[in-house]
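The values are calculated or read from the model by the stated rules, or taken from the named source; none is laboratory data. Computed from a predicted model, the values in this text were never measured in an experiment. Counting neighbours? That spans all protein chains shown, and the Cβs are built from the backbone with ideal geometry, glycine included. For accessibility, only protein heavy atoms count, side chains too; no ligands or nucleic acids. Shrake-Rupley method; radii C 1.70, N 1.55, O 1.52, S 1.80 Å.
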Amino acid sequence: MSRSGVKWDHRYLNMARLVASWSKDPSTKCGAVIVSSDNAIVSLGFNGFPPNVKDHADRLNDRETKLMMTLHAETNAILFAKQTLKDCTMYTWPMQACSQCAAMMIQAGITQHVSVMNENDRWAKSWKLADLMFNEAGITQYFYHPSFLERKYESI
């Protein structure tokens with residue numbers, strides 16, 4: 001992929017990976033960073049339960065319960081934003097946005113989505129729908145191989 005913002009992509013995908021580490025989810029830690037068109041950080045989010053909802057191990061370790069109670073990183077980043085998201089870019093780690101998050105991103109005015117390639121079969125149908133929605137809405141998507149983040153910043 002050749003694009004002018006590759007160094008920014010590297011920075012903000014690494015930041016999304018750091019934010020993901022704040023999640024208490026024992027199996028999948030997701031992070032999101034929203035950035036304005038002038039590369040200013042607008043908001044951050046990670047997957048987790050809503051505030052004041054107890055994140056007990058029995059809930060976190062029961063996949064069905066956890067999925068029903070968890071807010072995705074993208075959703076949290078959108079909800080935490082204190083300004084318009086029109087023309088912003090959403091960076092996500094370790095996977096691209098699901099169809100529900102894609103709908104929220106489109107509704108919020110986000111115009112670019114940058115993530116890493118992930119081929120987890122559990123999410124394949126949702127990602128396919130998200131891709132369809134992004135294409136129909138004119139949202140630009142960029143995907144990197146996860147090893148992209150292991151490269152030294154200076155070599156990009």
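Quick rundown of the values:
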{"quantity": "Radius of gyration and Dmax over the Cα atoms of the chain, both given in Å", "calculated": "15.0, 46"}
{"quantity": "Solvent exposure of the chain as accessible area per residue, Å², 1.4 Å probe", "calculated": "56"}
{"quantity": "Whole-angstrom gap from segment 3-46 to segment 78-156, using each part's C-alpha centre", "calculated": "10"}
{"quantity": "Highest average packing first - 118-131, 97-110, 16-29, Cβ atoms within 10 Å", "calculated": "97-110, 16-29, 118-131"}
{"quantity": "Placed amide H near N118: partners under 5 Å, 5+ positions off or other chain", "calculated": "Q96"}
{"quantity": "Amide H within-cut-off set for H113, under 5 Å, with H built and near neighbours excluded", "calculated": "M90, T140, Q141, Y142"}
{"quantity": "Accessible surface, 1.4 Å probe, highest first, among residues F143, F49, F134", "calculated": "F143, F49, F134"}
{"quantity": "Net charge contributed by nearby residues that have their C-beta within less than 12 Å of V35 (K/R +1, D/E -1)", "calculated": "-2"}
{"quantity": "Lysine pair count for segment 13-99 [Cα-Cα under 26 Å; pairs on different chains or 8 or more apart]", "calculated": "8"}
{"quantity": "FRET efficiency, 1/(1 + (r/R0)^6) with R0 22 Å, evaluated for E119 and D87 via beta carbons", "calculated": "0.15"}
{"quantity": "Protein accessible area in the chain, 1.4 Å probe - carbon and sulfur %", "calculated": "53"}
